[in-house]
1. Quick test for you: out of LYS128, LYS42, LYS52, LYS116, pick the one residue that is open to solvent by 50 Å² or more (accessible area, probe 1.4 Å) and at positive phi.
2. Could you please find all residues in the range 103-139 being more than 19 Å from the chain's Cα centre (by Cα) and hydrophobic (A, V, I, L, M, F, W, C)?
3. What is the residue count in the range 135-162 for residues that are among the aliphatic types (A, V, I, L, M), touching a residue at least 12 places away in the same chain (Cβ under 8 Å) and either open to solvent by 90 Å² or more (accessible area, probe 1.4 Å) or in contact with a Leu (Cβ under 6 Å, 6 or more places away or on another chain) (or both)?
4. Can you name the residue in the range 55-68 that is within 23 Å of ALA83 (Cβ to Cβ) and among the hydroxyl-bearing types (Ser, Thr, Tyr) and, of all such residues, is least open to solvent (accessible area, probe 1.4 Å)?
5. Quick one: which residue in ALA83, ALA124, ALA120 is among the hydrophobic types (A, V, I, L, M, F, W, C) and free of Cβ contacts under 8 Å to residues at least 40 places away in the same chain?
6. Go through the range 15-36 and give me each residue that's crowded, with 19+ Cβ neighbours inside 10 Å, out of contact with any strand residue (DSSP E or B) (no Cβ under 9 Å at 6 or more places or on another chain) and not β-branched (Val, Ile, Thr).
7. Failed condition for ASN67, given (1) assigned to a loop (DSSP other than H, G, I, E, B); (2) free of Cβ contacts under 8 Å to residues at least 40 places away in the same chain, with all others met?
8. Which of the residues that make up the range 1-37 are free of Cβ contacts under 8 Å to residues at least 40 places away in the same chain and not in a loop (DSSP other than H, G, I, E, B)?
Amino acid sequence: MDDFRPAFERMIRDEGGFVLHTISGDRGGQTYAGIARNMHPKWPGWAAIDAKGEPSAQLVYDFYRANFWDDINGDQITDQTVASDIFNFYVNTGRPAKVLAQVVVGATPDGAFGPKTIEAINAADPEKFILAYALAKIARYRDIVQRDRTQIKFLLGWLNRTLNGLKS
């Protein structure tokens, strides 16, 4: 039902656009358009980057659709804002985004977005879900920083990403 394109456009803005960078302390290592080399070393775009080229925007788009949007069954989530928010957080944190979404809607927090999870997400009031999910994200980021103080330099960006999602 929902459209991947607006979810992708919001996420790519939050990831800084189609830029190659390495940030000290970022566990993902070198990233391009938010795709972390340490997490996705076999992504075909790395070959273009290593050859001093630039991956196509379509390659990036297809990567996010196949590896993140399809994995949360984004097309089955009936509210665009909810689908975009889960997708964006999933790109940022991986599996915890799925588990926290399940916690928020009272589904079994197993990280699998099957029919029961999708049904629970679709039954939730979208505004209430977005607010509860934002609080869950903030608590997650707090926990990361409490466990590893070196990650505090990312906290403001994570919080801004969460708060910007409330405006969507």
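The values are calculated or read from the model by the stated rules, or taken from the named source; none is laboratory data. Everything numeric in this text was worked out from a predicted model, so none of it was measured. Cβ atoms come from the backbone with ideal geometry, glycine included; neighbour counts cover every protein chain shown. These accessible areas exclude ligands, DNA and RNA; they are computed on the full protein's heavy atoms, side chains included. Shrake-Rupley method; radii C 1.70, N 1.55, O 1.52, S 1.80 Å.
1. LYS52
2. ALA107, ALA120, ALA123, ALA124, listed by residue number.
3. 1
4. Let us first name the residues in the range 55-68 that are within 23 Å of ALA83 (Cβ to Cβ), namely 57-68.
Next cut, among the hydroxyl-bearing types (Ser, Thr, Tyr) only: 61, 64.
On the way: TYR61: 35, TYR64: 2 Å².
Only one residue fits best here, namely TYR64.
5. Criteria check complete, one pass: ALA120.
6. First, the residues of the range 15-36 that are crowded, with 19+ Cβ neighbours inside 10 Å: 15, 31-35.
If we keep only those that are out of contact with any strand residue (DSSP E or B) (no Cβ under 9 Å at 6 or more places or on another chain) as well, we get 34-35.
GLY34, the sole residue that qualifies.
7. For ASN67, the exception is condition (1).
8. Going through the range 1-37, the residues free of Cβ contacts under 8 Å to residues at least 40 places away in the same chain turn out to be 5, 9, 13, 16-17, 19-24, 27-33, 35-37.
Result: ARG5, GLU9, ARG13, LEU20, HIS21, THR31, TYR32, ILE35, ALA36.
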